[in-house]
Amino acid sequence: MPTIAFNFLGTLFSFDRVIDQLEATFPEDLPSQKQARIFYYAWLWAGIRDYFGTSHAGRYNSLLSILRATLTRARLVQDMEAPTNEEIDQIMAAFDDLLPMATALECFELLRENNWDIWILTNGSYSSTETLLKKHGLDTFVGDNILSCDDLKISKPHPKVYSEFMRSAVHKTKRIENFYLIAAHAWDLAGAKNVSVRTVYLTTEEKVYSADAYDVGFFD
């Protein structure tokens, strides 16, 4: 049967706990869930840019280390005070307490009933991903089918990440099947499509797929 991979952070697991912690830690600057969410994604998306930049410049740093390093900048550019070390620790600790999306278990059960092989393809670490899967009873669906960019020392959407996913799956199953990736980030799917992985886009984060940015190349 086919093999399907899920992006982990922001697709299979929600960032809501981090957003809640931002609201609780900075109530004067972020007095509502909406304001905390807007701030979070401004911080996250700028941090992802730096994550890609450090990776492709040749000195890979983990996504969470980048987010820790850029939280101060994210607040200063919005005319907020720099966070204390204690406040940064409080925010970063929330990444260890992420919750799965509401339909994650149902989705995994349906895939297993139909004999699909399930993988996790993540910008997070192997250990933190495994811990969260176990905490919420999802590890039995995945086993050790976890591929972390931290282990490869290169970020998505570099084609090496998706090629290594396919190579690892074929090595384990001794089968060459169709490969799928589910993600809430168009840039992630773009990298997968470039190595012939079939893709499923979720609108939970970016809301709309920017086709003109990803489906039209320079020579089109």
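The values are calculated or read from the model by the stated rules, or taken from the named source; none is laboratory data. Computed from a predicted model, the values in this text were never measured in an experiment. Using ideal geometry, Cβ is built from the backbone for each residue, glycine included, and neighbour counts are taken over all protein chains shown.
Kindly provide the set of residues from segment 105-132 that are outside any helix (DSSP H, G or I) and exposed (fewer than 13 other Cβ atoms within 10 Å of the Cβ), ordered by number. Outline the logic, then answer.
The first filter runs over segment 105-132 and keeps only residues outside any helix (DSSP H, G or I), leaving 114-125.
Selection gives 114, 115.
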| request: State whether the residues of segment 24-42 include one that is β-branched (Val, Ile, Thr), at pLDDT 95 or above, farther than 17 Å from residue 206 by Cβ and out of contact with any strand residue (DSSP E or B) (no Cβ under 9 Å at 6 or more places or on another chain). | output: yes
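Just checking, which of 153, 174, 135 is modelled with pLDDT of 95 or more, exposed (fewer than 15 other Cβ atoms within 10 Å of the Cβ) and either farther than 16 Å from residue 8 by Cα or touching a Lys or Arg at 6+ places or on another chain (Cβ under 8 Å) (or both)? Talk me through it step by step, then tell me what you get.
Details: 174 fails: modelled with pLDDT of 95 or more; 135 fails: either farther than 16 Å from residue 8 by Cα or touching a Lys or Arg at 6+ places or on another chain (Cβ under 8 Å) (or both).
From the options 153, 174, 135, the qualifying one is 153.
Within segment 193-212, does at least one residue satisfy the condition of being of a type in the set (Phe, Trp, Tyr) and part of a loop (DSSP other than H, G, I, E, B)?
yes
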| message | Of everything in segment 54-104, what is among the aliphatic types (A, V, I, L, M), over 30 Å from residue 143 (Cβ atoms) and either surrounded by fewer than 14 Cβ atoms within 10 Å (Cβ to Cβ) or not assigned by TED's automatic domain parsing to the domain that holds residue 26 (or both)? Give them in sequence order. | response | 57, 76, 77, 82
| request: Taking residue 22 as meeting all but one of (1) surrounded by 16 or more Cβ atoms within 10 Å (Cβ to Cβ); (2) assigned to a helix (DSSP H, G or I); (3) under 18 Å from the mean Cα position of the chain (by Cα), write down the number of the exception. | output: (3)
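Taking only segment 87-108 into account, find how many residues are without any contact (Cβ under 8 Å) to a residue 40 or more places away in the chain and under 17 Å from residue 134 (Cβ atoms). Write out each step before concluding.
Kept after step one, since they are without any contact (Cβ under 8 Å) to a residue 40 or more places away in the chain, are these residues of segment 87-108: 88-89, 92, 96, 102-103, 105-108.
So of that shortlist, the ones also under 17 Å from residue 134 (Cβ atoms) come out as 96, 105, 108.
Residues that pass the stated criteria total 3.
Hey, does segment 96-104 have a residue that's assigned to a helix (DSSP H, G or I) and touching a His at 6+ places or on another chain (Cβ under 9 Å)? Break it down into steps so the answer makes sense when it comes.
From segment 96-104, those assigned to a helix (DSSP H, G or I) are 96-97, 104; that's our starting set.
Now drop any that are not touching a His at 6+ places or on another chain (Cβ under 9 Å), which leaves 104.
Yes, there is a match, as at least one residue in segment 96-104 is assigned to a helix (DSSP H, G or I) and touching a His at 6+ places or on another chain (Cβ under 9 Å).
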